[in-house]
Amino acid sequence: MSPTSSSHGIARPSPRNAIVARFQPYPSPPLPRLFVTPHHSRISTGSPSHSSTSILVSKLPVRRQAAWVKPYPLHLTIIPSPLREHVSARDRLIKWTPATTRTAVAGLSTMDVQRLHDVITFAYADGTLETYGSGLLWWHVFCDRRAVPEVLRCPAPALLVSSFIATLAGSYAGRTISGYVAGVRAWHIIHGAVWAMKDDELDALLRAADALAPESSKRKKRLPYTISVIEALLSHFNLDIPLDAAVAACLSTTFYSAARLGEFTVRTLTSFDLKIHVKPSDVEMMTDRNGLKQTTFHLPWTKVSPTGEDVFWARQNGSSDPEHLLQVHLTVNHPPANGHLFAYKQKGKFKPLTKAAFLKRVHLAFTKASLDPLQGHGIRIGATLEYLLRGVSFEAVKTIGRWASDAFLRYLRKHAAILAVYMQADPVVHERFITYTLPPIRN
C-alpha cells in the first residue's frame with residue numbers, strides 16, 4: 001500500500017500542496033487518563049478494615065473561572081446566605097449548596113462523595129451551566145419572596161415547583177421558563193437530591209406556559225442564509241484586511257460544513273482553549289479513491305460530544321468557495337498552528353475571532369448590502385436547506401449537519417414553505433419530504 005493512502009482508500013495529499021502545508025493532521029488521541037501516571041491520585045476506600053487500600057483515580061480537568069462576577073440585577077437580588085456566595089452564573093449550580101446534601105455511607109469516605117460531586121458536574125457544558133445558573137437565581141428569588149425555608153428548596157416538593165412555573169407563566173416565553181426549571185432540576189441532580197416533579201404534570205405546565213407566552217417574548221423566525229446572501233455580503237468585504245479575511249473564511253466554512261457558529265468562534269478574547277476550540281492543526285485535506293477532495297475540521301469539543309466531532313466541506317463554485325476563502329485567510333493572517341483557526345492580526349498581535357466580532361462585521365455588511373440582518377443560527381439552517389435543494393438525501397443532510405432526529409424533523413416542518421417550489425418540481429422528493437415532516441398518524 002502506498003504511504004500516502006490508508007486502508008479506507010483515502011489518499012493523503014502531498015506536502016507540496018500549498019493548502020495542505022497549513023493543514024497538519026490531528027494529533028494522536030491521548031491515552032485514557034486512567035492509565036496516565038502523572039495525572040493520577042489515590043483515594044482511600046474509607047473502609048476501617050482496609051485503611052491501607054487505595055484506588056488509582058484520574059485527576060479531573062480544572063474548570064475555567066469567570067474573569068469577573070456581575071452584580072445581580074436589581075429585580076433579582078437574593079437574600080444573602082452562607083449557602084449561596086456571590087459567584088458567576090456558570091458557577092451557581094456547583095457552588096450554591098442545598099441545606100441537605102449527599103453524605104457518606106458505610107464503605108465510602110467524604111473524599112468519595114466529593115469525587116462524585118465533582119464528576120457529575122462535567123455532565124453539563126459551561127454554556128449550559130451558565131444558562132441554568134440564571135434559572136437557579138430566579139428559583140431562589142421566588143423562594144425568598146415567599147419565605148420558603150432552605151430545606152424545602154432542595155429537594156423541592158412538586159407543588160413548589162409547579163407554583164414557580166405558574167408564577168412565571170404569562171410573563172415570559174415558554175422556552176425561557178422551561179430552561180429555568182431545567183436549571184433547578186440540574187441543581188438537584190448535581191447535589192444528589194430527589195426530583196419529585198412528575199413528568200406529566202411538568203409537561204402540561206410547560207405547554208400551558210408556552211401557550212400563555214406574551215407576544216413580545218416570542219423569538220423572530222430564524223431565516224436561513226443562502227448562497228446569494230453570502231455572496232452579497234462578501235462583496236462588501238476587503239479580503240486584504242485581516243479581520244475581513246478571517247470573518248469571510250469563517251462564514252463560508254461554517255455554512256458549507258453546516259456547523260454551529262459557536263463551533264468556529266470563541267466567546268471572548270480570553271476564552272480560547274486548545275482542548276475546546278478548532279485550530280489550524282485540526283484541519284486536514286483528504287482525497288478518496290475517486291479523486292474527490294474534501295477538507296475536514298476536527299472540533300475538539302462540542303456541546304453534544306465532549307470528545308469532539310468532525311465536520312467537512314468540499315470546494316464550491318463562486319465567490320463563496322470555502323477553500324479559496326480559507327486559503328486567503330491563512331495567507332493574510334498566518335494563524336499559529338495551535339492558535340485559533342480564525343485568529344486575525346491586529347496591532348501586531350493575534351486575536352481569536354469572537355462570535356460578537358463576527359456578527360458585528362457581518363451585520364455591517366448586511367447594512368451596506370441593504371439587506372435585513374439574519375441571526376447566526378440561520379447559517380446552519382441555510383446550509384441544511386441548500387444541501388436539500390441540491391437533492392442530497394435527508395439522511396445524508398442529517399449526518400452532515402449532525403442533527404438529532406427530533407430536532408431535524410421540527411426544523412423541516414418549520415421551513416417547509418421554503419422548499420415548496422422544489423417539492424412541486426419533483427413528486428418523488430415531495431413524497432419523501434411529506435413522509436419525513438408530517439407527524440405520525442395517531443390511532
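What the table below lists for this structure:
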quantity	calculated
Residue match in segment 195-203 (condition: without any contact (Cβ under 8 Å) to a residue 24 or more places away in the chain, within 19 Å of ALA369 (Cβ to Cβ) and open to solvent by 40 Å² or more (accessible area, probe 1.4 Å))	no
Segment 73-121 - residue that is outside any loop (DSSP other than H, G, I, E, B) and among the β-branched types (Val, Ile, Thr) and, of those, farthest from TYR180 (Cα to Cα)	THR110
Candidate set from segment 299-317 (those that are touching a residue at least 24 places away in the same chain (Cβ under 8 Å) and polar (S, T, N, Q)); member that is nearest to SER252 (Cα to Cα)	GLN316
Condition check for PHE264: open to solvent by 40 Å² or more (accessible area, probe 1.4 Å) and not charged (D, E, K, R)	no
Filter result for the condition that a residue is on the phi < 0 side of the Ramachandran plot, of a type in the set (Lys, Arg) and open to solvent by 40 Å² or more (accessible area, probe 1.4 Å), over ARG115, ARG92	ARG115
Subset tally (residues that are within 19 Å of LEU168 (Cα to Cα), open to solvent by 80 Å² or more (accessible area, probe 1.4 Å) and either within 25 Å of the chain's Cα centre (by Cα) or of a type in the set (S, T, N, Q) (or both)) for segment 208-233	4
Restricting segment 297-332 to residues that are of a type in the set (S, T, N, Q) and over 21 Å from ILE227 (Cα atoms), the residue that is least open to solvent (accessible area, probe 1.4 Å)	THR302
Search result, residues across segment 143-201 that are among the aromatic types (Phe, Trp, Tyr) and under 25 Å from THR103 (Cα atoms)	TRP187, TRP195
Cβ-Cβ under 6 Å pairs, at least 6 apart or on other chains, segment 357-374 side within 13 Å of LEU251 (Cα to Cα), far side open to solvent by 80 Å² or more (accessible area, probe 1.4 Å) and not basic (Lys, Arg)	LEU374/LEU223
Residue that is farthest from VAL194 (Cα to Cα), among those in segment 137-155 that are β-branched (Val, Ile, Thr) and in contact (Cβ under 8 Å) with a residue 40 or more places away in the chain	VAL141
Residue match in segment 238-249 (condition: of a type in the set (A, V, I, L, M) and in contact with a strand residue (DSSP E or B) (Cβ under 6 Å, 6 or more places away or on another chain))	yes
Only listed residue being β-branched (Val, Ile, Thr), touching a residue at least 12 places away in the same chain (Cβ under 8 Å) and within 21 Å of GLN316 (Cα to Cα), chosen from VAL266, VAL247, VAL278	VAL247
Selection count, segment 137-157, where residues are open to solvent by 30 Å² or more (accessible area, probe 1.4 Å) and either in a helix (DSSP H, G or I) or in contact with a strand residue (DSSP E or B) (Cβ under 7 Å, 6 or more places away or on another chain) (or both)	5
Residue within segment 72-83 that is at pLDDT 95 or above, of a type outside the set (D, E, K, R), open to solvent by less than 50 Å² (accessible area, probe 1.4 Å) and touching a Cys at 6+ places or on another chain (Cβ under 6 Å) present	no
Check on SER257, within 24 Å of VAL332 (Cα to Cα), in contact with a Ser or Thr (Cβ under 6 Å, 6 or more places away or on another chain), open to solvent by less than 10 Å² (accessible area, probe 1.4 Å) and modelled with pLDDT of 90 or more	no
Enumerated helices (runs of 4 or more DSSP H) restricted to segment 362-426, each holding at least 2 residues that are open to solvent by less than 30 Å² (accessible area, probe 1.4 Å), at positive phi and modelled with pLDDT under 85	none
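The rows are residues; the columns are (1) within 18 Å of GLY318 (Cα to Cα); (2) of a type outside the set (Lys, Arg); (3) modelled with pLDDT under 95; (4) assigned to a loop (DSSP other than H, G, I, E, B).
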{"position": "ASP210", "(1), (2), (3), (4)": "no, yes, yes, no"}
{"position": "ALA213", "(1), (2), (3), (4)": "no, yes, yes, yes"}
{"position": "LYS220", "(1), (2), (3), (4)": "no, no, yes, yes"}
{"position": "TYR225", "(1), (2), (3), (4)": "yes, yes, yes, yes"}
{"position": "GLU231", "(1), (2), (3), (4)": "yes, yes, no, no"}
{"position": "HIS236", "(1), (2), (3), (4)": "yes, yes, no, yes"}
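The values are calculated or read from the model by the stated rules, or taken from the named source; none is laboratory data. Just so it is clear, the model here is predicted, and its values are computed rather than measured. Positions of Cβ are backbone-derived with ideal geometry, glycine not excepted, and every protein chain shown enters the neighbour counts. Remember, those area values only see protein heavy atoms, side chains included, never the ligands or the DNA or RNA. Shrake-Rupley method; radii C 1.70, N 1.55, O 1.52, S 1.80 Å.
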